Amino acid sequence: MYIEKLKDMFLHTTIKKDASLIPIYYHQEFICYTNEQAITYKEYLASHQEYYLHQKKYAVEYDDQTFLESGTKVAGRMWITITVPDEKPKRLEVILIAEFKEEKIYRLWELTYPDWSNLPEFEKKK
């Protein structure tokens with residue numbers, strides 16, 4: 001059940017670049033722990049509203065053999081490929097654990113390689 005919710009979120013928010021759906025998929029008390037950073041719901045929403053304005057495209061692949069679900073938690077391995085016009089696509093490997101509360105993503109622990117926060121595609125635009 002929660003694996004499908006997670007995949008549904010990636011389809012409708014990340015691939016389709018629709019930050020307006022973040023409140024549908026993410027709990028108001030959401031915190032993302034990613035590569036030694038903690039990002040609150042408010043920060044996450046604002047950053048994705050910014051990311052999705054640009055001409056980046058996102059593709060998602062799942063290593064379905066690694067996905068496990070236990071109670072309200074999902075763990076797995078996936079890849080997100082970011083394509084920017086006139087640049088070579090960048091493929092990120094993601095290892096994640098997502099916890100749900102009230103049917104929404106409440107906590108997310110993830111490691112990405114390479115570290116997404118060091119990529120120019122995610123620098124703050126001035």
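The values are calculated or read from the model by the stated rules, or taken from the named source; none is laboratory data. What you are looking at is a predicted structure, and each value in this text was computed from that prediction instead of being measured. Don't worry about glycine lacking a Cβ; one is built from the backbone with ideal geometry, like all the others, and counts go over all protein chains shown.
Looking at TYR44 and the list (1) in contact with an Asp or Glu (Cβ under 6 Å, 6 or more places away or on another chain); (2) closer than 16 Å to SER117 by Cβ, which single condition is not satisfied? Condition not satisfied by TYR44: (1). Scanning segment 52-79 for residues that are within 14 Å of the chain's Cα centre (by Cα), surrounded by 15 or more Cβ atoms within 10 Å (Cβ to Cβ) and modelled with pLDDT under 95 turns up TYR52, TYR58. Among the residues making up segment 19-63, those that are of a type in the set (Val, Ile, Thr) and touching a Lys or Arg at 6+ places or on another chain (Cβ under 9 Å) are ILE24, ILE31, VAL60.
Among the hydroxyl-bearing types (Ser, Thr, Tyr), assigned to a helix (DSSP H, G or I) and under 25 Å from ILE3 (Cβ atoms): which single residue out of TYR44, TYR62 fits that description? Criteria check complete, one pass: TYR44. Do you know which of the residues in segment 6-51 that are aromatic (Phe, Trp, Tyr) and crowded, with 16+ Cβ neighbours inside 10 Å is nearest to ILE105 (Cα to Cα)? Ranking the candidates gives TYR26 first. You will find that of ILE105, ILE39, ILE82, ILE31, the residue that is closer than 17 Å to ILE3 by Cβ and modelled with pLDDT of 90 or more is ILE105 and no other.
Applying the condition of being among the hydrophobic types (A, V, I, L, M, F, W, C), touching a Phe, Trp or Tyr at 6+ places or on another chain (Cβ under 8 Å) and not in a strand (DSSP E or B) to segment 18-41 and asking which residue is nearest to LYS101 (Cα to Cα) yields ILE22. Would you call ALA98 closer than 17 Å to MET1 by Cβ, within 12 Å of the chain's Cα centre (by Cα) and either part of a helix (DSSP H, G or I) or of a type outside the set (Ser, Thr, Tyr) (or both)? Against the criterion (closer than 17 Å to MET1 by Cβ, within 12 Å of the chain's Cα centre (by Cα) and either part of a helix (DSSP H, G or I) or of a type outside the set (Ser, Thr, Tyr) (or both)), ALA98 qualifies. Within segment 83-97, residues that are over 15 Å from ILE15 (Cα atoms) have Cβ atoms under 6 Å from residues that are acidic (Asp, Glu) in these pairs: VAL94/GLU110; LEU96/GLU110, counting only partners at least 6 apart in sequence or on another chain. LEU11 fulfils the conditions (1) outside any helix (DSSP H, G or I); (2) out of contact with any Leu (no Cβ under 8 Å at 6 or more places or on another chain); (3) modelled with pLDDT of 95 or more; (4) not charged (D, E, K, R) except for a single criterion, (1).
Take the conditions of a type in the set (A, V, I, L, M), over 13 Å from the mean Cα position of the chain (by Cα) and under 20 Å from THR112 (Cβ atoms) and apply them to ALA19. Does it pass? Explain how you work it out, then say what you get.
Working: of a type in the set (A, V, I, L, M): yes; over 13 Å from the mean Cα position of the chain (by Cα): no; under 20 Å from THR112 (Cβ atoms): yes.
Criteria not met by ALA19.
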